[in-house]
1. Out of 89, 169, 108, 134, report the one residue that is surrounded by fewer than 17 Cβ atoms within 10 Å (Cβ to Cβ) and under 24 Å from residue 230 (Cα atoms).
2. Filter the range 111-126 for residues that are over 30 Å from residue 41 (Cα atoms), at pLDDT 95 or above, open to solvent by less than 40 Å² (accessible area, probe 1.4 Å) and part of a strand (DSSP E or B) and give the result.
3. May I ask you to list the residues in the range 1-34 that are assigned to a strand (DSSP E or B), farther than 11 Å from residue 66 by Cβ and either touching a helix residue (DSSP H, G or I) at 6+ places or on another chain (Cβ under 9 Å) or acidic (Asp, Glu) (or both)?
4. From the list 31, 80, 41, which one is crowded, with 18+ Cβ neighbours inside 10 Å, of a type in the set (S, T, N, Q) and either under 18 Å from residue 156 (Cα atoms) or at pLDDT 95 or above (or both)?
5. For residues in the range 92-105 being without any contact (Cβ under 8 Å) to a residue 60 or more places away in the chain and in a loop (DSSP other than H, G, I, E, B), which is surrounded by the most Cβ atoms within 10 Å (Cβ to Cβ)?
6. What's the number of the only condition in (1) modelled with pLDDT of 95 or more; (2) out of contact with any strand residue (DSSP E or B) (no Cβ under 7 Å at 6 or more places or on another chain); (3) under 19 Å from residue 177 (Cβ atoms) that residue 94 fails to meet?
7. Under 9 Å by Cβ, and 6 or more places apart or on different chains, what pairs join a residue from the range 171-200 that is free of Cβ contacts under 8 Å to residues at least 40 places away in the same chain and under 16 Å from residue 158 (Cα atoms) with one that is of a type in the set (A, V, I, L, M) and part of a strand (DSSP E or B)?
Amino acid sequence: MKFEELIHGKLIKRYKRFLADITLDNGEEITAHVPNSGAMTSCIEDNCDVWVTFHDNPKRKLKYTLELTKMGENLICTNTGVANKIAIEAIENGTIKELQGYDNLKPEQKYGNQNSRIDILLWNNDSDKKCFVEIKSVSLNLGETLAFPDAKTTRGQKHLEELRDMVKEGHRAVMLYVIQRTDNLPFRIAHEIDKKYNENFEEVTSNGVEVLVYQSDINLEEINIKGINKGIKN
């Protein structure tokens, strides 16, 4: 996925989760929207390098969106919505081999009993069995591993349970974790951050929910899923 033109700056501070004050290279101070509801631990700090995009839409209150940060030598895509876009591209171009062979792909489809939407729904025209794919953006570095989640997530727990329910109904269900930083480290569940999510993960994966972990390739022009991650490490 090609980024829109990226504008470099330095972070002043992030606050109220969805706001960041930034000094651009031209000296202008701006407030950018932060499309990330997580703690963003290990992927943002005061005075770090950041890149934003500009959107001249009269309906937008904030014209800038935070897209990338840099911590050490690692670029990190902090826009969690990007994970869905590059996952769809990677399915369509054959990079995610485990999700090939379906006639149809639709994003954001209603499903389940809890008024939810699945990130990607796959199915064949000649079969009633569907494939439900839930996507999570991974940006947390815990030293020798990358991990999810970076904060307690009751919503994430619910998603795991809904995938398990789809398996019980005879469908295929896949939890797809997309690494949105350039560290090439093994992935794991951050049990020390959200014990309940870890328990749910172990329960649903022992009952048929599949897990895929894919790594992104990120530069200042584009971000794409490049291949499978080293795998889950406990």
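1. 89
2. Those that are over 30 Å from residue 41 (Cα atoms), at pLDDT 95 or above, open to solvent by less than 40 Å² (accessible area, probe 1.4 Å) and part of a strand (DSSP E or B): 121, 122.
3. Correct list: 29 only.
4. Going through 31, 80, 41 in turn, just one is crowded, with 18+ Cβ neighbours inside 10 Å, of a type in the set (S, T, N, Q) and either under 18 Å from residue 156 (Cα atoms) or at pLDDT 95 or above (or both): 80.
5. 102
6. For residue 94, the exception is condition (3).
7. From the range 171-200, the pairs are 198/189.
The values are calculated or read from the model by the stated rules, or taken from the named source; none is laboratory data. Computed from a prediction, not measured in an experiment: that's the story for all the values here. No Cβ is skipped: glycine too gets one built from the backbone with ideal geometry, and neighbour counts run over all protein chains shown. Just so you know, the surface numbers come from the protein's heavy atoms only, side chains and all, with ligands and any DNA or RNA stripped out. Shrake-Rupley method; radii C 1.70, N 1.55, O 1.52, S 1.80 Å.
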